[in-house]
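K.L.:
Before I ask anything, here is the structure I am working with.
All of the numbers you see were taken from the coordinates with simple rules; none came from a lab. Note that this is a predicted model, so its numbers are computed, not measured. Ideal geometry is used to build each Cβ from the backbone, glycine not excepted, and the neighbour counts take in all protein chains shown.
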Amino acid sequence: MKKIILIILTIFVALLVLISLFAGNYLVNYSIGRSGDGGNRTVALEIPETADDTERTIAEGKIAQQEANETFLAENPGQTVEITSEDDIHCSGIYYPNGNSHDWVIALHGYRGDHLGATSLAQHYHDHNYQVLTPDLRACGDTDGNYLGMGWLDRKDILSWIDWIIAQDSDAKIVIHGISMGAATTMMTAGEDTLDQVVAFVEDCGYTSVWDIFSSELKLRFGMPKFPLMYTANLFAIAKAGYSFKEASALDQVKNCEKPMLFIHGTVDDFIPYEMMDTLYQAKPGDNKEKITAPGAGHGEAMYLLGDEYWDDVFAFLNNF
């Protein structure tokens with residue numbers, strides 16, 4: 001009888017392990033596979049009839065920004081530029097020239113987006129006389145790669161884009177500004193030994209680490225704890241994508257950043273928790289940092305809720321450097 005029970009328990013444990021491995025592999029493909037289904041959360045442009053004042057302001061801000069984006073793209077078609085990453089990945093981006101200005105911004109899109117996802121940033125920076133570069137991040141748009149870098153692989157690509165800018169303009173003053181995954185990329189890049197031409201970083205609703213955000217999403221979307229699925233998924237991420245969810249930490253990178261950084265986040269962000277901003281802000285050493293809170297704004301909605309105030313504060317911060 002004891003032998004039968006032992007066999008049953010062994011089979012049960014083996015099945016659990018197999019299910020966990022299958023689910024972990026699925027999670028990696030779903031969340032970071034180029035053709036995965038783990039899409040970003042999007043919000044319609046329509047203004048709901050039941051919208052309160054904050055929701056209405058955000059919706060109106062989105063509509064106004066969409067119109068500004070369309071005008072900007074019509075007047076500034078941009079130029080496709082390409083580089084090869086240090087691990088031989090073809091990287092693509094769009095460059096929006098702006099006369100002889102030495103002010104540059106690398107504007108970074110969010111999860112599963114492409115360079116067009118950074119158009120709102122591009123439009124405002126271009127209007128403020130910046131040269132603008134909007135790269136497609138790893139496994140997004142026209143940039144190669146089978147798995148999203150979630151900022152970790154991308155940080156090295158951004159260093160290569162910095163080299164590209166300096167090859168065009170040795171007097172460049174470079175700002176890196178990203179939203180969501182682009183914000184995580186910004187912070188992860190900030191922890192590297194960036195060249196003197198890089199003067200400041202702006203992160204809008206970035207996450208502390210890939211492990212943290214995926215654990216949060218696993219609970220919110222599927223009602224599941226991080227054990228054991230996150231642990232098996234992490235093994236598959238290392239094997240298939242070449243990085244660990246735990247090592248892909250914006251928090252650890254921010255601790256190494258000595259250059260100025262501006263942190264921005266909406267208080268009702270249900271994708272990347274607002275509390276992550278304070279954790280990141282506290283980790284950033286030095287006094288050359290500021291934060292902007294957007295009360296009532298959801299994920300990536302701070303610029304729509306705050307409007308001109310958002311950009312006045314961004315450029316006031318950058319003008320100090």
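K.L.:
With a 10 Å Cβ neighbour count serving as the proxy for reagent exposure, in which order, fewest first, do Leu251, Leu6 appear? Present the calculation step by step, with values, prior to reporting the outcome.
P.N.:
Working: Leu251 21, Leu6 10.
Ascending Cβ contact count within 10 Å gives the list Leu6, Leu251.
K.L.:
If you don't mind, there's one more thing I want to ask. Could you tell me which of rounded, prolate or oblate describes region 239-300, using a ≥ b ≥ c as the square roots of the eigenvalues of the alpha-carbon gyration tensor, with rounded for a/c under 1.5 and, failing that, prolate when a/b is larger than b/c and oblate otherwise? Let's see the in-between values first.
P.N.:
Details: a/c = 2.91, a/b = 1.19, b/c = 2.44.
Oblate, since a/c reaches 1.5 and b/c is not below a/b.
K.L.:
State the antiparallel share, in %, of DSSP beta bridges confined to the chain, rounding to the nearest 5.
P.N.:
30 percent
K.L.:
Could you size up the charge dipole of region 174-321 around its Cα centre, putting +1 on the beta carbon of Lys and Arg and -1 on that of Asp and Glu, and report it in debye to the nearest 20?
P.N.:
Working: 10 positive and 21 negative charges, 148 e Å.
The dipole of region 174-321 has a size of about 700 debye.
K.L.:
Tilt of helix 152-168 relative to the longest C-alpha principal axis of the chain, in degrees (0 to 90, nearest 10)?
P.N.:
Roughly 20 degrees between the two axes.
K.L.:
Rounded if a/c is under 1.5, else prolate if a/b is larger than b/c, else oblate: which is region 106-216, with a ≥ b ≥ c the root eigenvalues of its Cα gyration tensor? Don't jump to the answer; show the numbers that get you there.
P.N.:
Values: a/c = 1.57, a/b = 1.45, b/c = 1.08.
It comes out prolate by the Cα gyration axes.
K.L.:
How large, in Å, is the chain by the Kirkwood hydrodynamic radius built from its alpha-carbon pairs? Don't skip to the end; give the middle numbers.
P.N.:
Numbers: mean 1/r = 0.0489 Å⁻¹.
Final number for the Kirkwood radius of the chain is 20.4 Å.
K.L.:
Could you please rank Cys205, Cys91, placing first whichever residue has the fewest other Cβ atoms within 10 Å of its Cβ?
P.N.:
Working: Cys205 30, Cys91 24.
Going from least to most buried by this count: Cys91, Cys205.
K.L.:
If you rank Leu318, Leu9 by fewest surrounding Cβ atoms within 10 Å, what's the result? Show your work: numbers first, answer last.
P.N.:
Values: Leu318 22, Leu9 10.
The order, fewest Cβ neighbours first, is Leu9, Leu318.
K.L.:
Hey, another quick one. Which value in nm describes the separation of the simple spin-label points at Asp87 and Ile238, placed 7 Å from the Cα toward the beta carbon?
P.N.:
Output for this residue pair reads 1.5 nm.
K.L.:
Report, in debye and to the nearest 20, how large the dipole of region 102-160 comes out about its Cα centre when Lys and Arg carry +1 and Asp and Glu carry -1 on their Cβ.
P.N.:
On the way: 4 positive and 8 negative charges, 44 e Å.
Charge dipole, region 102-160, about its Cα centre: 220 debye, nearest 20.
K.L.:
What do you get for the angle between helix 181-190 and the principal long axis of the chain? Use alpha-carbon atoms, 0 to 90 degrees, nearest ten.
P.N.:
Orientation of helix 181-190: about 80 degrees from the principal axis.
K.L.:
In terms of Cα to Cα distance under 24 Å, which lysines are near enough to Lys284, apart from those fewer than 8 places away along the same chain?
P.N.:
Lys156, Lys173, Lys246, Lys255, Lys259
K.L.:
Can you find, among Ala294, Gly307, Val254, the residue sitting farthest towards the positive end of the charge dipole of region 234-321, where Lys and Arg contribute +1 and Asp and Glu -1 at Cβ?
P.N.:
Val254
K.L.:
Using only alpha carbon pairs under 8 Å that are at least six residues apart, calculate the relative contact order of the chain and give it in whole percent. Numbers along the way, then the final one.
P.N.:
On the way: 610 pairs, mean separation 52.1, N = 321.
It rounds to 16 percent for the chain.
K.L.:
While we're on this one: As an exercise, use a Förster radius of 45 Å and the Cβ-Cβ distance of Asp196 and Asp52 to find the FRET efficiency, rounded to the nearest 0.05.
P.N.:
Numbers: r = 47 Å, r/R0 = 1.04.
About 0.45, to the nearest 0.05.
K.L.:
Here is a follow-up. Once fully extended, how much extra length lies between Asn288 and Glu70, figured as 0.36 nm per residue of separation less the alpha-carbon to alpha-carbon distance? All intermediate terms of the calculation are to be shown ahead of the outcome.
P.N.:
Values: separation 218, 0.36 × 218 = 78.48 nm, distance 3.48 nm.
Full-extension gain reported as 75.0 nm.
K.L.:
Contour minus end-to-end for Asp171 and Asn100, with contour as 0.36 nm per residue of separation and end-to-end as the Cα-Cα distance? Display every interim value, and only then the final one.
P.N.:
Values: separation 71, 0.36 × 71 = 25.56 nm, distance 1.07 nm.
Extra length available between Asp171 and Asn100 comes to 24.5 nm.
K.L.:
Please list, in chain and number order, the residues 5+ apart from Leu108 or on another chain whose amide H is under 5 Å from its amide H, with Hs placed from the backbone.
P.N.:
Sorted by chain and number, the residues that satisfy this are His177, Gly178, Ile179.
K.L.:
Once the Cα atoms of helix 210-222 and of the chain are each reduced to a long axis, what angle between those two axes, in degrees from 0 to 90 to the nearest 10, is obtained?
P.N.:
Its long axis makes an angle of about 70 degrees.
K.L.:
To the nearest 20 Debye, how big is the dipole of the chain about its Cα centre, given +1 on the beta carbon of each Lys and Arg and -1 on that of each Asp and Glu?
P.N.:
On the way: 21 positive and 46 negative charges, 417 e Å.
Here the size comes out at about 2000 debye.
K.L.:
Quick one: which residues, 5+ away or cross-chain, put their amide H under 5 Å from the amide H of Val198? H built at 1.01 Å from N.
P.N.:
The answer is Ile174.
K.L.:
Mean residue ellipticity at 222 nm from the helices of the chain, using -39,500 (n - 2.57) per DSSP H segment of n ≥ 4 over the full residue count, to the nearest 500 deg cm²/dmol? Walk me through the numbers before you get to the answer.
P.N.:
On the way: 11 runs with 145 residues, N = 321.
Mean residue ellipticity at 222 nm (helix-derived): -14500 deg cm²/dmol.
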